[in-house]
Structure formats: C-alpha cells, structure tokens
Amino acid sequence: MMRKTVTTKLLGSMRGFPSHRVNYAVNAVARELIKSRELENDELRPLYMDFQATTPMDPRVLDAMLPYQVNYYGNPHSRTHAYGWESESAMEKARKQVADLIAADPREIVFTSGATESNNMSIKGVARFYKSKKKHVITTQTEHKCVLDSCRVLEAEGFDITYLPVKTNGLVDLQLLEETIRQDTSLVSVMTVNNEIGVRQPVEDIGRICRSRNVFFHTDAAQAVGKIPINVSDWKVDLMSISGHKIYGPKGVGALYVRRRPRVRMEPLQNGGGQERGLRSGTVPTPLAVGLGAACDIAQQELEYDHSRVSMLANRLVRKIMSEIPDVVMNGDPEQRYPGCINLSFAYVEGESLLMALKDVALSSGSACTSASLEPSYVLRAIGTDEDLAHSSIRFGIGRFSTEAEVDYTADKCIQQVKRLREMSPLWEMVQEGIDLKSIKWTQH
Amino acid sequence: MAASTAQVLSLYRKLMKESSKFPSYNYRTYALRRVQDAFRANRSVEDPKMVEQLLNQGRDNLDMIRRQVAIGKMYPTQKTIVEG
C-alpha cells in the first residue's frame, strides 16, 4: 500500500507524459527493488519456460555424445587410421539421421555451427553466386536478426532487398509475395515458425510460388524442425536452416539442407580444406554432429507424442490466464501456429516488470537476441501491435520436459502479479473508471 | 526365449525405479511419464518378434537411464521451485 501512495505521488508530476512512459516509470519503482543476479546455493531454481531461447539436452542425446568426447576423439577427415574411420562413420550416421527428419538425402546436409551460420551461408552464398544476373532478394520483416542483418550486408554490396510486410496475424501475404517476385529475384527467405510469436508461415504455398517462378526458397526452420512434420520435397524448399540447441541437442551445431535436384549453387562463406562439399570447410565436430543426429532421431520418434502434449499444456496455460484476467491479447494467428510458443500482451502492465515479478519462472519478453535493448520487439511492431501492448508482452515457451505443475504455477503466478501490477497502475484506474485512454490529450511539458 | 508377462513387468518396474532416481526434476518427471506411456501404448502388441524388439529397446533405455542418473548425481544443483 505504501508503494501505491509513493507511486501516485510520483505520478502527480507525470501528467504530461504518454501512457507507455507512465507505465514504465510506475514499474521502474517496483523494478529497483529486484536486481538480476545468479542464484544462491540454497535458493530454488526457477521453472524453465523459455524453450524458444534454448532447450535442455535430452539425456539420450548426451548419452550418444559422450563416447565421442571421451574415447572416440578422432578427426572424421583423417583417412588413414581407425580413429578417423570410426569418427567419420559416426558423422555420416548423424547426417542420415538429420536427413531422415526432413525427408532429404544425406548428401544434401551440411553441418554448420548453428542456424545463424546456416542462414548467413544461404543468403549471402546464393545471392553472391547469382550476382551477375540476379540482384533481388525477398525476405519478411519478422525474420530472425541474422537473416535481416545478412540482407543489410547484401544491400551494402549493391543488392536490392525487399522486406515484405506481414499481416496483423503474422502471416505473409501470398498475393503480395507473387507480385514482388521479379525477373532478377534470386532468393526468397521466409522462416517456418517464428521464434517470438510462434506463427507458422504457409511454406507449402510459398514453395509452390517460388518453384513456379524459378526462384530459390530458403526457410529458417530452427524452431520448426522436430516439432512439426517437415518434407522438403513436398514443401519445395531449396535451403533449410536447422539448429541443434532448439531440438534438445547440443549448442554450437546446426545444419543446412542444400537441394541437389535441381542443384542450388552457392559461394561458400568459409574456405579451407573443402570439407562438407566445399560449402563449409573446417573439421566437423563429431561429438556435436552425433548429438545433433541423435536429437533429430529422437525428435522424429517423439514428434506426435510431444506435439499433443505441448498443445495440451499450451491450451491449459492460455485458458487459465485468459479466464482469470481481462485485457490479455495473444499475438499472432491463433490457428496457424506452433502451440509451444505463446506470446501474450497484458494491457496496462509493463513487460519487463512483469518478468521481474515472475522471478520464479524463466521467461522472456521478445527474443533472447534482442532483449538487451529497450526497444520493443520489431516482430510485434511488424504485426501492427500498439506500442503499449508491445512493451507489455511476454513469451511463454513450452517443451518436451514441461510439466502440468510448472504450467499451473506459471499461470497462477502470472495472474497474481498482473493483478498486483495493475492495482498500481494509474492507467488501469482510469480504464476502470471508464475513461477512454485514446481520447486523452497528453500534453508536452 | 519367448517374452513373458513377468519379464515385461520386471523391466517396467526397473525402468520406473531407475527413472525416479534422476536428480533433475524435469528429466525425472519426463522419464517416469514417458516409460509409463510407452508401456501403455504397446500394451496390446502380440507379435513375439515385435515384443522382443521392444524389450531390447527398453533394456537399452534402462542402461542409458542408469548412466545419465549417475552423471546427474555427479553435478548436483539446487531443486526447482515446484519441488521445494
């Protein structure tokens, strides 16, 4: 109650400020009392609900990797002794496991250091190879930062990039895509499942359009692989990025699917001894590759089981929260989505302070790569979210290891803290009194 | 050696006992749940070859769980909020 008096007194002097700034100030008071630090020895660990940022390794994956970290340490490219041969055979087995998950041929899989490298390779590599005839690349505004940044680099090299807007539900407008493709378009890059709002793009349709216009189609499937069924031939995908640590595999490894028929040519980004078909030179890290292969194998077996379980838990979380508190918005299309990634905006509550208040649960607002800056997520801006709501968004991630108890605890805590923070919010008070916030004329001081 | 109900039950009990030893809350709950659901799903399998194959998979998983439980114990950490 003291806090309320203090903040109301403070806000008497903030009458001229726009609403999101007022909220920020109110909750800055609350935030000051909670600082970020590592856990003490006797403190209990928070629940992990941030499966889009990274995932814990499945014990079966670690079990497959350990022999290659301990005894089978040979370089897979050593041709002259057993250490090399056994390492190579493990690497090729892993390659097949990755290929089987996406219905590709093992010869079409290139091991990389992660989806960021795979994205960089595909976009820069393909664009630069066809530079003489084709100078146009199309992508969307909701792509991962590495895709957008690669495109920015290409722009500086003289390429023409179109950043397609998305509809308010987060999906690409297929009509607009068709109209944007030109004679000199070499590549279209659209991610399969968005890491911030969980929206699933119509990749089959995009693939069909691109194939008919003779344009290469790259998709960043880091959040989709192993979670939804993927078939690169049905989808008519030419390049696909895969990340190890999003599918319960090790960090530091990923893969790139590069179609052989019809052949995709690309300039390699990393030169050297010609490993991985010359596309990515460097010693393939056998233990990591084995881990990625095991993770893909497990994902294929567990796909249906995990999907139904994650859907059930996601419904439970959303229904619980939305039935107890009003003015909660789910960002992104409600149907065309991966259920395990839920982005909710809580009106009249500031996102960062809600996160701090929920310190028992590991959550995120916006993606891990952009949470350092104070700007609201560009993905939410691209889907047309109000700036207030964009600042109030939290991403809940549910995965293979989530339990009902964790989901219930998260929902209860969330409801409790949102109610508490709204109590302190003068904007909420005004809304309760029936004032329409949009009609207020905020004056400048 | 035809697989008998006793063998299946014995493997099930061993798997559940070993799974309950995982120090990590998430791994423990997952293993217990997954083992139970897997045995339930395969309850009505008749073909003896299939049964033998599943039992072998189960035994391999039991070894894996034993190893991973030991590793988990070597690197202990605090309990999570829902356990405390």
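We did not get these values from a lab; they are worked out from the coordinates using the rules stated. None of these values were measured; they are calculated from a predicted model. All Cβ positions, glycine included, derive from the backbone under ideal geometry; neighbour counts span all protein chains shown.
Would you please give the residues with an amide H less than 5 Å from that of B:THR80, counting only those at least 5 places away or on a separate chain, with H modeled from the backbone geometry?
Here A:ARG45, B:TYR25 satisfy the definition.
Gain in length, A:GLU43 to A:ARG261, computed as 0.36 nm per residue apart minus the alpha-carbon separation, to one decimal in nm?
Using 0.36 nm per residue and subtracting the Cα-Cα distance, I get 73.0 nm.
Could you please state, rounded to a whole Å, how far the C-alpha centre of region A:303-364 is from the C-alpha centre of region A:78-141?
34
Whole-Hz Karplus ³J(HN,Hα) for region A:347-363, in order, using 6.51 cos²θ - 1.76 cosθ + 1.60 and θ = phi - 60°, x for Gly and Pro?
5, 6, 10, 8, x, 4, 6, 5, 4, 5, 5, 8, 5, 7, 10, 7, 10
Given Cα pairs under 8 Å that are at least 6 residues apart, what percent is the relative contact order of chain A?
Rounded, it is 23 percent for chain A.
Within region A:107-170, how many Lys pairs sit with Cα atoms under 18 Å apart, leaving out pairs fewer than 8 places apart on the same chain?
Summing the qualifying lysine pairs gives 4.
³J(HN,Hα) across region B:53-66 via Karplus (A = 6.51, B = -1.76, C = 1.60, θ = phi - 60°), whole Hz, x for Gly/Pro?
4, 5, 5, 4, 4, x, 5, 4, 4, 4, 4, 4, 4, 4
Taking 8 Å as the Cα distance limit and 6 or more residues as the minimum spacing, I'd like the relative contact order of region A:290-409 as a percentage.
32
I want to verify a result. In a Gaussian network model of chain A, Cα cutoff 10 Å, which of these has the top mean-square fluctuation: A:HIS245, A:HIS307, A:HIS218?
A:HIS307
How large is the charge dipole for region B:1-47, taken about the Cα centre, if only the Cβ atoms of Lys, Arg (+1) and Asp, Glu (-1) carry charge, to the nearest 20 debye?
320
Sort the protein assembly as shown into rounded, prolate or oblate with this rule: let a ≥ b ≥ c be the square roots of the eigenvalues of the Cα gyration tensor; rounded if a/c is under 1.5, and if a/c is not under 1.5, prolate when a/b is larger than b/c, oblate otherwise.
Judged from the Cα gyration tensor, the protein assembly as shown comes out oblate (a/c at least 1.5, b/c at or above a/b).
Run the dipole for chain A about the Cα centre, Lys and Arg Cβ at +1, Asp and Glu Cβ at -1, nothing else charged, and hand back the magnitude in debye, nearest 20.
960
Take chain A, connect every pair of alpha-carbon atoms lying under 10 Å apart with a spring to form a Gaussian network, then pick out the residue of A:ARG128, A:ARG309, A:ARG261 with the largest mean-square fluctuation.
Result: A:ARG261 has the largest fluctuation of those listed.
Once amide H atoms are built 1.01 Å from N in the peptide plane, which residues 5 or more positions from A:GLN223, or in another chain, come under 5 Å H to H?
Excluding prolines and chain starts, which carry no amide H, the hits are A:VAL193.
Report, in deg cm²/dmol and to the nearest 500, the calculated mean residue ellipticity at 222 nm for the protein assembly as shown, where each DSSP H run with n ≥ 4 adds -39500 (n - 2.57) and the sum is divided by the residue count.
Here the helix-only value at 222 nm equals -15000 deg cm²/dmol.
Please give the helix A:2-12 orientation as an angle from the longest Cα principal axis of chain A, in degrees from 0 to 90, rounded to the nearest 10.
90
Hey, could you get me the Stokes-Einstein D for region A:280-422, Kirkwood radius over alpha-carbon pairs, 10 °C and 1.306 mPa s, rounded to whole µm² s⁻¹?
95
With just the Cα atoms defining each centre, how far is region A:245-288 from region A:42-69? Give it in Å.
Rounded to whole Å, the Cα centres lie 24 Å apart.
Can you list residues from other chains, or at least 5 along the same chain, whose modelled amide H is less than 5 Å from the amide H of A:PHE217?
A:VAL188, A:ASP238, A:LEU239
Test of understanding: given chain A, find the longest segment containing no chymotrypsin sites (Phe, Trp or Tyr not before Pro) that are in a DSSP loop and have at most 14 other Cβ atoms within 10 Å.
A:74-441
Taking the Cα centre of region A:207-266 as the origin and placing charges on Cβ (Lys, Arg +1; Asp, Glu -1), which of A:SER212, A:ASN231, A:ILE247 is farthest toward the positive end of the dipole?
A:SER212
Among DSSP bridges having both ends in chain A, what percentage is antiparallel? Round to the nearest 5.
55
Quick check on my link table: of A:LYS227/A:LYS359; A:LYS227/A:LYS251; B:LYS21/B:LYS79, which ones sit more than 21 Å apart, alpha carbon to alpha carbon?
In this structure, A:LYS227/A:LYS359 lie more than 21 Å apart at Cα.
What ³J(HN,Hα) values, in whole Hz, does the Karplus curve 6.51 cos²θ - 1.76 cosθ + 1.60 give for region A:135-152 when θ = phi - 60°, with x put for Gly and Pro?
Along region A:135-152, the couplings run 10, 10, 10, 10, 9, 10, 7, 9, 5, 5, 3, 5, 5, 4, 5, 4, 5, 4 Hz.
Decide, for region A:160-298, between rounded, prolate and oblate: order the square roots of the alpha carbon gyration tensor eigenvalues as a ≥ b ≥ c, take rounded if a/c falls under 1.5, and otherwise choose prolate if a/b is larger than b/c, else oblate.
Oblate is the answer for region A:160-298, as a/c is 1.5 or above yet b/c matches or exceeds a/b.
Per the Debye formula with a single identical scatterer at each Cα and no solvent contribution, what log10 I(q)/I(0) holds for chain B at q = 0.20, 0.22, 0.26 Å⁻¹?
-0.89, -1.02, -1.29
Of B:GLN36, B:GLN53, B:GLN68, which is the most mobile in a GNM of chain B whose springs link Cα atoms less than 10 angstrom apart?
Fluctuation is largest for B:GLN53.
Distance between the C-alpha centers of region A:406-420 and region B:1-54? Whole Å please.
Taking the Cα centre of each part, region A:406-420 and region B:1-54 sit 35 Å apart.
Using a Förster distance of 22 angstrom, determine the FRET efficiency expected from the C-beta separation of A:ASP100 and B:ASN42, and round it to 0.05.
0.50
Within straight cross-link reach of B:LYS73, meaning Cα distance under 19 Å, which aspartates and glutamates are found once same-chain residues fewer than 8 apart are removed?
A:ASP42, A:GLU43, A:ASP58, A:ASP63, B:GLU18, B:ASP63, B:GLU83
Rounded to the nearest 10 degrees, what's the angle between the helix A:404-424 long axis and the longest principal axis of chain A, both from Cα atoms, 0 to 90?
Value to nearest ten degrees: 40.
Full-extension gain between B:ARG33 and B:THR77, please, as 0.36 nm times their residue separation minus the C-alpha to C-alpha distance.
Residue separation times 0.36 nm, minus the Cα-Cα distance, leaves 13.6 nm.
Which whole number of Å³ per residue matches the convex hull of the alpha-carbon atoms in region A:371-445?
Taking only Cα atoms, region A:371-445 has a hull volume of 166 Å³ per residue.
Below 8 Å, C-alpha to C-alpha, sequence gap of six or more: please give me the relative contact order for region A:227-303 in percent.
29
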